[in-house]
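> I have a structure I would like to understand better, so I am pasting it below and will then ask my questions one at a time.
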Amino acid sequence: MSQMEKQQEVKKGAEKKAEKKVEKVIGSLEIPDFEKKEVLDQFRRMGAITPSEVAIQFNIKVSAAKRLLEELRRRKVVDLVSGGHNLKIYTLSKS
């Protein structure tokens with residue numbers, strides 16, 4: 001088998017692998033509706049709202065809780081009280 005034939009076989013193998021790749025889908029999470037009164041009451045009971053506390057309360061991952069709290073901050077539901085590089089503390093907005 002010549003060198004050129006070997007290279008062509010390698011290219012065909014790479015093309016087959018590319019075809020077999022499955023697109024990774026990030027798992028959807030069941031995030032509670034934060035417009036409901038029960039959820040806001042639960043936030044009121046929490047003195048300081050941290051991503052780890054939200055993850056424990058609502059049984060979601062910490063990374064999802066971080067994204068959720070950032071979205072709530074953009075909607076002005078919670079306010080950022082203190083934020084370091086690894087811990088952010090939120091409180092429920094007064095309004």
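> Considering only residues that are surrounded by 15 or more Cβ atoms within 10 Å (Cβ to Cβ), free of Cβ contacts under 8 Å to residues at least 24 places away in the same chain and more than 14 Å from the chain's Cα centre (by Cα), which ones fall in region 48-74?
Glu53, Gln57, Arg73
> Another one. Residues in region 1-42 that are touching a helix residue (DSSP H, G or I) at 6+ places or on another chain (Cβ under 8 Å) and modelled with pLDDT of 80 or more: how many?
So the count comes out to 1.
> Moving on to the next point. Can you tell me which of (1) surrounded by 12 or more Cβ atoms within 10 Å (Cβ to Cβ); (2) at pLDDT 70 or above is the one Arg45 doesn't meet?
The failed condition is (1).
> Hey, another quick one. Counting residues that are among the small types (Gly, Ala, Ser), which helices (runs of 4 or more DSSP H) fully inside region 37-95 reach at least 2?
Ranges flagged: 51-58, 62-74.
The values are calculated or read from the model by the stated rules, or taken from the named source; none is laboratory data. Predicted model, so just to flag it, every value in this text is computed and none were measured. Neighbour counts are summed over all protein chains in view; Cβ atoms, including those assigned to glycine, are modelled from backbone coordinates with ideal geometry.
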